[in-house]
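To start, the structure itself, in C-alpha cells.
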Amino acid sequence: MNPFDSDRPRPARSAWAMAAAMLAAAPALAQAAGDDAMPHAQPDAVRLGTITVVGDGAKLGAGQMLKEDAVKGRSTVTKAATEKDLATDTPYQAMALLPGVNTYSYDATGLFGGGLTVRGFNSDQLGFTVNGVPVNDSGNFAVYPQEYVDQENVCTQSVTQGSPDVQSPHSGATGGNITVNTCDPEDKRRLRVAQTLGGLHLTRTFLRVDSGRFADDKAKVFLSYSHTQADKWKGPGQGRKDHLDAGFRYDLGSGSTVLGTLLYNRSVNNNFLTPSLAQLKANGYYWDYSSSFTPGHLTPVNGTAQVEAGPNPAYYKLSVNPFENLVASVSGSFKVNDTTSVKVQPYLWTGYGTGGNQQAVLSETGFLNTSTGKLGAGVDLNGDGDTLDKIIVARGSVTKTSRPGVTAEVDTTLANHQLSFGLWFERADHRQTQPAVPVDANGNPYDIWLRNGQILRPDGTPYEGRDWKTISTAYQAFAADEISILGERGLISLGLRAPHVQRDVTNYANEGFTTTYRLKGDFNEILPQIGLRFALDRTQQVFVNVGKNFRAPPNFAFTGSNVRLNTATGQVELVTATRAETSIMTDLGYRLQTAAFSLSATAFNSDFKDRQANSYNPATDTSTYANAGRVSNHGVEFEIGSASFRGFTAYGSLTLQKSRIRDDMTVTKGQVVPLAGKQFALTPEQMIGASLQYTRGPFYAGLKLKRTGTQYATLMNDEQVPAYTTADLNAGYDFGRVGIMSHTQLRFNIANLGNARYRNPSSGTIVNAVAVGTTSASTVYYYLGAPRLLTLTLSADFD
C-alpha cells in the first residue's frame with residue numbers, strides 16, 4: 001500500500017453544510033450582550049503595524065482567537081495557546097489552525113523550518129514582521145520561521161489574510177501579512193528556567209531573567225537564552241540552535257514610551273533530503289542523505305585523471321545549513337499633545353549563512369582566468385602535480401545581508417477622524433557568493449561556514465560559482481484616515497501607500513557566469529485601501545475591505561538562467577521582462593461576539609496580475625523566475641471560539657477556497673503550456689482546524705486537529721498531493737510553589753499523535769510534472785511529514 005494513500009477528501013457539499021450550520025446556530029447560541037472581559041485585539045501604542053491583547057487570552061477559543069474590530073479579516077494566536085505547545089515550535093506551527101493557513105514543518109521540533117501558504121499565497125508573498133521589523137529575505141522575500149524568536153517570549157502571532165496594513169514596511173506582500181510580537185519585560189523580578197527532553201535525543205534549555213521595574217518604576221529589561229538540539233527524524237545528522245533574546249521598556253511619562261529588542265540566532269542544521277514521488281516509492285519513507293563518504297576521494301596519481309563522483313545521495317556532512325542572524329530595533333512613541341503623537345522605529349537586520357547541498361565535483365581546469373574572462377585556468381586540487389582531475393569539494397551558496405531601515409508615523413485626532421501619515425525607508429546590501437573549500441578523507445569540509453580555507457584561482461582570488469551583489473532600496477509614503485460614524489457604531493477606514501523599490505544587481509565575473517554586468521529595475525505602485533465596519537448591535541458587526549497589493553520581482557529575476565548574453569551586442573539582457581506582481585483583495589465579513597463565544601465569517605476574493613511563479617530547488621539552492629499571468633482565488637473562512645464552560649474551551653476554523661489560473665503560460669519562445677482554468681498549486685480547497693482545551697485547577701489537557709484537503713503540486717495539475725490529518729496532544733500540571741521555586745510546571749506534548757504520513761511540495765510553482773507538447777517535464781520534490789514525537793518540559797520561576 002502506498003504510504004500516502006488516504007481516504008477520499010470529503011465532498012465539498014459536506015464542508016459547505018458544516019459552514020451553514022455554524023452560521024445558523026450562532027444567533028441561537030448568542031447571549032443578550034457582549035462580555036468586555038473577553039480578550040480583544042487593539043493596536044499597539046508603540047510599535048507600528050502591530051497589536052496587543054487586552055484581557056486574558058485563555059478565556060476565548062483556547063487562546064486561538066480574539067475579539068476583533070478590524071475592517072478586514074485577521075486571526076490571532078495568543079500566549080495562552082502557545083505556552084502549552086511544544087517548547088520548540090515556530091510561528092508557522094503556532095498559527096497552523098487559523099483560517100486560510102496551510103502550513104507544515106520539516107520536522108516536529110521546528111528546528112529545521114517549514115512552509116506556509118495563506119489563501120494560496122506563499123510565505124514569500126506575505127509580509128512578515130517581528131516587533132514591526134520586516135524579516136522577509138531582502139532578495140527573494142523568503143521566510144525562515146525557526147530563526148527569529150523563542151516562543152516563550154512571544155505574546156501574539158497574527159495573520160491578516162487579505163491586504164497588509166497601510167503602514168506595513170513591505171515591498172513584497174501581495175497576500176496579506178503576518179506579525180509576531182514579543183512580550184514586554186515582567187514588572188517583577190524573576191528568573192525562569194525550563195528544560196525539555198524528548199524523542200530524537202531532543203534537549204532544550206531555556207533561561208530568562210527579568211529585572212522587574214527600576215529607575216523609579218520607569219524601566220524594565222529581560223534577557224533570555226536557549227540551546228536546542230535534536231537528531232533528524234530520518235537519516236544521519238542533527239539540528240543545533242543557540243538563541244538570545246533581549247528587550248527593554250522605558251516609560252518616559254506623559255504617554256511617551258520607548259521599547260527595544262535584540263533577537264540573535266545561530267543554528268547549524270543538516271538538511272533533509274527531499275525525494276521525488278518516484279524516489280519515494282523506490283526507496284521508502286526514511287530515505288535520506290548518505291551516512292558514509294564512499295567512494296570518497298581517489299588516490300592522487302600524477303599524469304592520470306582522477307574523476308571523483310562521491311556518494312549518491314550526497315554525504316550528509318556535505319548537506320548542512322549553518323546560519324546566524326540578528327534583528328535589532330528600537331520603537332518610540334512620543335506624545336506631542338492630547339491629540340497628536342509621533343512614532344519612530346529604526347531597525348537593523350543582519351545575516352550570514354549557507355544553503356543547499358555542498359557536495360560538488362570541481363574540475364581542476366574549471367577556474368576563471370580573470371585576465372581573459374574565460375574558464376580554463378588550472379589549479380591542482382589533490383596535490384598530484386597535474387590539473388587533469390575532477391575532485392569532490394564543499395561548495396555552497398553563501399548569503400550575507402545588512403539591512404538597516406526606519407519607519408516613522410504621525411498620528412493625530414481631528415474631530416471624528418483618526419489620521420496617520422508616515423514614511424518607511426530601507427537599504428539592503430545583499431551579497432550572494434558560492435565559494436568552495438576542500439573536503440578531507442572522511443568527508444569533512446574544511447569550514448562549514450565556507451569562510452576559511454577557500455579554494456583560490458591561480459591569481460589568488462577565491463573561486464566563486466556565483467558572485468552577486470544586490471542593493472535593494474525601498475521607500476514608502478503612507479496615509480490613513482479612520483472615521484467614526486453614527487456614534488461610533490461605524491468606522492470608515494481609508495488608506496493609501498506608495499511603495500517604490502529599486503533592484504540594483506551586479507554580477508561579478510565568476511565561474512558560473514563569466515561576464516560582469518549590472519542591471520537595474522525600478523518598481524512602484526499606488527496602493528489604495530478602503531474598509532467599513534458597522535455594528536448591527538452590541539454583539540454583531542459586518543465589515544468590508546478592498547485593497548490593492550504589490551510585490552516587486554525578486555533579485556534572482558536578474559541573474560542565473562533568467563538572463564542571457566546577447567552575442568550580437570555583447571550585452572547581458574533579461575530573458576523575460578520583469579514586472580511587479582499586483583493583486584486586488586476583497587474581504588466581506590460578519591462577526592458575532594458574545595459572552596459565550598465569538599464567530600467570524602469572511603468571504604474573500606483575490607485577483608492577481610503578473611503573478612510570479614518562483615520555483616525553488618532545495619537541493620541545488622537555485623530559483624527560477626516566471627510570470628504566471630492572471631490568477632483568481634475566492635472562498636470563505638469561518639472561525640469560532642468558545643468561552644470557558646465547565647473547564648472546557650474550544651476553537652474551530654474552516655476554509656473553503658478555489659484558485660484558478662486565467663492565462664496560459666509561455667515557458668520559452670514558441671512553447672505555451674495550457675494553464676488557463678487550472679487550480680494554482682499549494683491551495684487546498686478545504687481545510688479544517690480544531691482545538692479543545694480542558695482546565696481544572698492546576699491541570700490542563702488539550703487536543704488539536706488539522707485537516708488539509710487535496711492540493712496540486714504543479715500548475716498543470718498533473719501531480720496531486722493527497723489530503724491528510726494531523727493531531728497534537730498537550731497536557732500539564734502546575735505544582736505551584738515547591739521550595740524556592742514558584743509556578744513549577746510539568747508539560748507533556750505529543751506531536752503528530754496519529755503518526756500520519758503525508759507530503760508537501762518543496763515548491764508550489766513547478767509548471768508540469770508530465771511533458772506537455774515540446775515542453776519537457778519537471779520533477780517535483782517533497783518534504784515528508786515527521787513521525788510522532790513525545791516531549792516533556794519542566795519549568796519553574798525563581799522570584
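The values are calculated or read from the model by the stated rules, or taken from the named source; none is laboratory data. Owing to the predicted nature of the structure, the values given are computational and were not obtained by experimental measurement. Every residue, glycine among them, receives a Cβ derived from its backbone with ideal geometry; neighbour counts consider all protein chains shown. With ligands, DNA and RNA removed, areas are computed over all heavy atoms of the protein, side chains included. Shrake-Rupley method; radii C 1.70, N 1.55, O 1.52, S 1.80 Å.
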Criterion violated by residue 435 - all others in (1) over 26 Å from the mean Cα position of the chain (by Cα); (2) within 30 Å of residue 515 (Cα to Cα); (3) open to solvent by 20 Å² or more (accessible area, probe 1.4 Å) satisfied: (3)
Residue check for residue 272: assigned to a loop (DSSP other than H, G, I, E, B), open to solvent by less than 40 Å² (accessible area, probe 1.4 Å) and either within 18 Å of residue 784 (Cα to Cα) or of a type in the set (D, E, K, R) (or both): yes
Single condition residue 559 does not satisfy, out of (1) more than 23 Å from residue 126 (Cβ to Cβ); (2) over 26 Å from the mean Cα position of the chain (by Cα): (2)
Complete set of residues in region 567-590 that are open to solvent by less than 40 Å² (accessible area, probe 1.4 Å) and farther than 30 Å from residue 636 by Cα: 572, 578
Check on residue 659, in a strand (DSSP E or B), polar (S, T, N, Q), modelled with pLDDT under 95 and under 24 Å from the mean Cα position of the chain (by Cα): yes
Hey, residue 683 β-branched (Val, Ile, Thr), open to solvent by less than 10 Å² (accessible area, probe 1.4 Å) and not in a strand (DSSP E or B) or not: yes
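This table checks each residue for (1) over 21 Å from residue 721 (Cα atoms); (2) crowded, with 19+ Cβ neighbours inside 10 Å; (3) not polar (S, T, N, Q).
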| site | (1), (2), (3) |
| --- | --- |
| 630 | yes, no, yes |
| 642 | yes, yes, no |
| 668 | yes, no, no |
| 698 | yes, no, yes |
Extreme residue, nearest to residue 776 (Cα to Cα), among residues of region 744-753 that are touching a residue at least 60 places away in the same chain (Cβ under 8 Å) and in a strand (DSSP E or B): 751
3 or more residues touching a strand residue (DSSP E or B) at 6+ places or on another chain (Cβ under 8 Å) and open to solvent by 40 Å² or more (accessible area, probe 1.4 Å): qualifying strands (runs of 3 or more DSSP E) within region 172-236: 190-198, 202-210, 219-231
Where a residue in region 204-222 is closer than 20 Å to residue 253 by Cα and its partner, wherever it lies, is among the acidic types (Asp, Glu) and loosely packed, with under 14 Cβ neighbours inside 10 Å, with Cβ under 7 Å and at least six apart: 212/187; 213/187; 220/187
Residues of region 142-171 satisfying the condition of being touching a helix residue (DSSP H, G or I) at 6+ places or on another chain (Cβ under 7 Å) and either open to solvent by less than 10 Å² (accessible area, probe 1.4 Å) or among the hydroxyl-bearing types (Ser, Thr, Tyr) (or both): 145, 154, 157
Per-region count, region 121-130, residues touching a residue at least 60 places away in the same chain (Cβ under 8 Å) and either among the hydroxyl-bearing types (Ser, Thr, Tyr) or within 11 Å of residue 103 (Cα to Cα) (or both): 2
Pairs where the first residue, in region 51-72, is among the acidic types (Asp, Glu) and the second is open to solvent by less than 10 Å² (accessible area, probe 1.4 Å) and part of a loop (DSSP other than H, G, I, E, B), C-beta under 7 Å, 6+ apart: 56/39
Failed condition for residue 349, given (1) part of a strand (DSSP E or B); (2) open to solvent by 60 Å² or more (accessible area, probe 1.4 Å): (2)
Condition check for residue 537: closer than 28 Å to residue 479 by Cα, without any contact (Cβ under 8 Å) to a residue 60 or more places away in the chain and open to solvent by 10 Å² or more (accessible area, probe 1.4 Å): no
Some residue of region 777-797 being more than 25 Å from residue 82 (Cα to Cα) and surrounded by fewer than 18 Cβ atoms within 10 Å (Cβ to Cβ): yes
Selection within region 642-687 - within 21 Å of residue 603 (Cα to Cα), free of Cβ contacts under 8 Å to residues at least 60 places away in the same chain and among the aliphatic types (A, V, I, L, M): 661
Lone unmet requirement of (1) at pLDDT 95 or above; (2) out of contact with any Leu (no Cβ under 6 Å at 6 or more places or on another chain); (3) over 20 Å from residue 647 (Cα atoms) for residue 735: (3)
Any hit, region 300-317, residues being within 27 Å of residue 145 (Cα to Cα), of a type in the set (Lys, Arg) and modelled with pLDDT of 95 or more: yes
Hey, residue 715 out of contact with any helix residue (DSSP H, G or I) (no Cβ under 6 Å at 6 or more places or on another chain), surrounded by 20 or more Cβ atoms within 10 Å (Cβ to Cβ) and touching a residue at least 40 places away in the same chain (Cβ under 8 Å) or not: yes
Residue that is over 21 Å from residue 438 (Cβ atoms), of a type outside the set (S, T, N, Q) and touching a residue at least 24 places away in the same chain (Cβ under 8 Å), where the choices are 379, 406, 398: 406
Of all residues in region 69-83 being in contact with a strand residue (DSSP E or B) (Cβ under 6 Å, 6 or more places away or on another chain) and open to solvent by 10 Å² or more (accessible area, probe 1.4 Å), the one that is nearest to residue 181 (Cα to Cα): 79
Lone unmet requirement of (1) open to solvent by 40 Å² or more (accessible area, probe 1.4 Å); (2) under 29 Å from the mean Cα position of the chain (by Cα) for residue 482: (2)
Counted residues, region 463-479 - those being open to solvent by less than 50 Å² (accessible area, probe 1.4 Å), closer than 19 Å to residue 368 by Cβ and not in a loop (DSSP other than H, G, I, E, B): 2
Tally, over region 410-462, of residues that are aromatic (Phe, Trp, Tyr), in contact (Cβ under 8 Å) with a residue 60 or more places away in the chain and assigned to a loop (DSSP other than H, G, I, E, B): 1
Residue 250 farther than 17 Å from residue 327 by Cα and assigned to a strand (DSSP E or B): yes
Candidates 734, 718, filtered to the one that is part of a strand (DSSP E or B) and acidic (Asp, Glu): 734
Unmet criterion (only one of (1) open to solvent by 10 Å² or more (accessible area, probe 1.4 Å); (2) in contact with a Phe, Trp or Tyr (Cβ under 7 Å, 6 or more places away or on another chain); (3) outside any strand (DSSP E or B)) for residue 107: (1)
